[in-house]
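Report on the following structure.
What follows draws every value from the coordinates through simple rules; no lab data is involved. No experiment lies behind these values; they were computed from the predicted model shown. Virtual Cβ from ideal backbone geometry, glycine too; neighbours counted across all protein chains shown.
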Amino acid sequence: ETGVTQTPRHLVMGMTNKKSLKCEQHLGHNAMYWYKQSAKKPLELMFVYNFKEQTENNSVPSRFSPECPNSSHLFLHLHTLQPEDSALYLCASSQTIRHGPWEETQYFGPGTRLLVL
Amino acid sequence: ILNVEQSPQSLHVQEGDSTNFTCSFPSSNFYALHWYRWETAKSPEALFVMTLNGDEKKKGRISATLNTKEGYSYLYIKGSQPEDSATYLCAYLRVDSNYQLIWGAGTKLIIKP
């Protein structure tokens, strides 16, 4: 157990559906991340939140909408996705960012396996 | 090198043998190098954070070295066991990249009994 949970673990949705991914961390961390992992590719950083403020949005399409209501919870709202969005979505947290290399150590959830039909 | 490259992409090793693999990264603006282990159906788990040229870290049978001047890190596993089967990821932290980790695609290690 890493202290980071994600729900659901698996999700199948149609292109017209709206769904949300949830991430919760119990580590007292202040930074949270969404990553996309496609087969045989490196992790792609999507969004970063630090103290509930979004600090990075790596040119992610607007059909992905993050929400961070507090430092412990992170959501990824999905709407009108495309089949190429099918991937593993990982949430991570770290103590903070821009403070030092150890504070950047990230703790990951198990991921949500998303299939868009 | 502009990105993080890991080699080999996959590796089959007999139980009991030792092995190593490589992470290559840009040598400019280096800040830190992270190694993670990712077992199937589990979460990626941090192994090491390395910052200084010549750093060596050890955790049980796993160790890592760092050469920031030439831009590479080696991960070594001594006496491989079935539980070492996983994908090993490295991630590079640049000073000028808003402190975002830049990830390699990983080396998938399979230990044959």
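Here are a few things to note about the model shown:
- Dividing the convex hull volume of the alpha-carbon atoms in the protein assembly as shown by its residue count gives 119 Å³ per residue.
- Mean Cα-pair separation over length for chain B, i.e. relative contact order, pairs under 8 Å, 6 or more apart, %: 37 percent
- Taking every DSSP bridge with both residues inside chain A, close to 90 percent are antiparallel.
- Amide H within-cut-off set for residue B:72, under 5 Å, with H built and near neighbours excluded: B:25, B:67
- For chain B, a crude dipole built from +1 on the beta carbon of Lys and Arg and -1 on the beta carbon of Asp and Glu, taken about the Cα centre, is about 100 debye to the nearest 20.
- Prolate/oblate/rounded label for the range B:35-113 (Cα gyration tensor, a/c 1.5): oblate
- Here the average projected area of the convex hull drawn through the C-alpha atoms of chain A stands at 6.9 nm².
- Exceeding the 30 Å Cα-Cα cut-off - candidates A:36/B:108; A:22/B:59; B:57/B:112: A:22/B:59
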